[in-house]
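The values are calculated or read from the model by the stated rules, or taken from the named source; none is laboratory data. All values derive from a computational prediction rather than experimental measurement. With ideal geometry, Cβ positions are generated from the backbone for all residues, glycine too; neighbour counts draw on all protein chains shown.
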Amino acid sequence: MPVDLAQSLISAASLSTRHLDSVNERPVWQPVPEPDRAWLTGQDLPDAGRSIDQLLADIERYVLPFPMGNGHPAFFGWVNSAPSAAGVAVSALASALNPSCAGGDHAGALLERTVLRWLADLVGFPHVPGGGLLTSGASVATIVAMVAARQRATRRLGFDVREEGLFASPPLVVHMSGEGHSCLRKAVELAGIGNRQIHLIPVDEQFRMRPTDLRETISRDIAGGLTPMAIAGSAGTVNSGAIDDLDALADIAEEFGIWFHVDGAYGALGATATHQHPLLAGLARADTVVLDPHKWLGVPVDCGCVLLKEPAIARDAFSLVPAYLRDDDSGDLGWFSEYGPEQTRPFRALKVWATLANLGRQGVTALVDRTIALAQEFAGRISARNDMTLIGQSLSIVAFRYEPEGCDAAMIDRLNAALPVAIQRRGRTFITGTSLAGRPALRVCILHPDSDESHLDLLVSEIEAAGGALVQDQWMQDDGKSGS
Ligand SMILES: Cc1ncc(COP(=O)(O)O)c(C=O)c1O
C-alpha cells in the first residue's frame, strides 16, 4: 500500500495533539471493554495492506481511548510520567533517521555523548569521556552496573569471569536494603550471583539503609569467606522516595574496597532541586549511578541511563572487540555496544536532548521543585487529618494509609490493599499501593508538570468516596473471606 508520508505525518501529528490536548476531558484510566479488548488482542494479520488513514482511524477508535493514564495530571501511580512535548515532537525524526546507535560516526551516536555529559552534570556525577550509556530503562542500566561490578570483583580475585564463568569464584555477595528496587535483584540473578547472595540490610524508620548494620554485615561476610561485590544504595526508593545516607555508604564501600552502586532511577534528578536533599550529595562518590530520563524528566519511554565512573571496567565486561583491535590508550571510546548488552540501539539521545534543551537547567529545576513542593503540601494535608496516617514523604513521593474511624487493624489493611484499584476504576485519579513495614500502604508519586492543588483535592475526595464505599462493603466486614 503506497504511503503519502507527508500527509500521514500531518494526520498523525494532529491526532497526537488532539489526544494530548483533551487529556483532562477523559477518564484518567478506564477498563478496556470486551469488544475493544478482543480487537486489541485478537486481530488477524490482514492479507492486503491497509492505508495509513485507515490505521489512524483504528488508533483513534481502539488505542487512544485506553491509555495507561500517565499523561493525566491526576495520575499519581508508580513512577510513570507524562511525555515531554519536545520528546513527542522529535520522536518521529529519530524514526526518520533510524540509525543504530551501537556506535559509528553519525549524529545519533555523537549526540549521545552530549546528553550523557548533561545528565551527569545535572545530578552532580563527575563525568569522564565514555562515562555512561543510554539504555531501555533502569533495569537494563542496572544489569550494566552489576556486570561491571562483577568484572572488577573477579579481576581482583585473579580470574576472567567471561572465560571461566563463576565456577572459579568464591561466593560473591551484594548488599542492599529490602527497599531496593526489584531490578537490582533481577540484575544480580542475571549476573549469576544468586538471590541467596543478596544480603538485605535493615532500614531505619525512614526506610533508609542502616550504615552500622551494613558495616557489621560486611565484616561478618568477609570473616565468613564471602567476597562483597557491590553495595547498592537507593537515591529515591520506589515505595517512599527514601534516600539512603549515600555518603555513609560510600565511606563503607571505600573502606572495604567494594563497588558502590546508586539506584537513582527515580530520585537522582532530585539533585537538581533548589534546596537539594543533603543525602543526595554522596551520589557523586558512586562507581555507577542509574537514572531514568523516562521518569521525572518526562522523556518518552523508553530511556534509562547508567553513568560510569570508570568506563574501562564496563568495556572490559562487555566488549567483544578483541583488545588488539582496540586502541584504549588513544582515547578512542569505541562503540556504545562495547559497554552494555545491546547491539542495535535506538536513537534515544534525540528525545533526551530535545527535552533537556527545551527545559534548560532552570526548567528542570522548576519541574523538580514544583513536584516536590506539591508532595510536601500533600504530606501536610495528610498529617492534619485524623483518618490518614503519613508514613513518609521524600522527594515527590508520599506514602500513607487511610484509617477511617471504626476500622480495626485488619480492616485497615484490607481497605488500603483494595483502595488503589477501587480508585483507579472510578477514573478520576490514579494511585497505586505498596507494602511498607509489612503492611499495605498507599503512595502517590507526583511527576506531572500540570498537577496542582486541585488534583490533590480530588485525590483526597476520591479516597474518601472509594474508601467509604469499601467500608460499607460486606467483604470488608467479614474478614475478606467472601472474596467479592
Ligand atoms: C527506584 C527505581 N529503580 C528502578 C526502577 C526500574 O526502572 P525501569 O522500569 O526503567 O527499568 C524503578 C521503576 O519504577 C524505580 O522506581
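Please go through the stretch 318-341 and pick out each residue that is among the aliphatic types (A, V, I, L, M) and in a loop (DSSP other than H, G, I, E, B).
Across the stretch 318-341, the qualifying residues are L320, V321, L333.
Out of A141, A96, A107, A153, I need the residue that is small (G, A, S) and in contact with an Asp or Glu (Cβ under 9 Å, 6 or more places away or on another chain). Which one?
Being small (G, A, S) and in contact with an Asp or Glu (Cβ under 9 Å, 6 or more places away or on another chain) holds for just one of A141, A96, A107, A153, which is A141.
Failed condition for F167, given (1) hydrophobic (A, V, I, L, M, F, W, C); (2) more than 16 Å from the ligand (Cβ to nearest atom); (3) in a loop (DSSP other than H, G, I, E, B); (4) within 28 Å of G438 (Cα to Cα), with all others met?
F167 satisfies all of (1) hydrophobic (A, V, I, L, M, F, W, C); (2) more than 16 Å from the ligand (Cβ to nearest atom); (3) in a loop (DSSP other than H, G, I, E, B); (4) within 28 Å of G438 (Cα to Cα) except (4).
Would it be correct to say that S139 is within 27 Å of A191 (Cα to Cα) and touching a Cys at 6+ places or on another chain (Cβ under 7 Å)? Lay out the reasoning, then the answer.
Working: within 27 Å of A191 (Cα to Cα): yes; touching a Cys at 6+ places or on another chain (Cβ under 7 Å): yes.
When the stated conditions are applied, S139 passes them.
Any chance you could count how many residues in the stretch 170-184 are touching a Leu at 6+ places or on another chain (Cβ under 8 Å), farther than 14 Å from F260 by Cα and not in a loop (DSSP other than H, G, I, E, B)?
1
Are there any pairs, at least 6 apart or on different chains, whose C-beta atoms fall under 6 Å, with the first in the stretch 127-156 and under 13 Å from A232 (Cβ atoms) and the second within 11 Å of the ligand (Cβ to nearest atom) and among the small types (G, A, S), and if so, which?
A138/A265; A138/G304; A141/G304; T142/A187; I143/A187; M146/A187
Report the residue count in the stretch 76-108 for those that are over 17 Å from the mean Cα position of the chain (by Cα), within 16 Å of the ligand (Cβ to nearest atom) and in a loop (DSSP other than H, G, I, E, B).
0
Looking at this structure, is R348 buried (at least 23 other Cβ atoms within 10 Å of the Cβ), of a type in the set (D, E, K, R) and over 25 Å from A74 (Cα atoms)?
The answer is yes for R348.
For the stretch 1-25, give me the residue count where each residue is in contact (Cβ under 8 Å) with a residue 40 or more places away in the chain and outside any helix (DSSP H, G or I).
3
Consider only pairs whose beta carbons are under 7 Å apart and that are at least six residues apart or on different chains; among these, list those whose first residue lies in the stretch 45-59 and is under 16 Å from L5 (Cα atoms) and whose second residue is modelled with pLDDT of 95 or more.
Going by the 7 Å Cβ cut-off, the qualifying pairs are I52/S8; D53/S11; L56/S11; L56/A12; L56/L15.
I'd like the residue in the stretch 56-70 that is assigned to a loop (DSSP other than H, G, I, E, B) and surrounded by fewer than 18 Cβ atoms within 10 Å (Cβ to Cβ) and, out of all such residues, is nearest to the ligand (Cβ to nearest atom).
Selected residue: M68.
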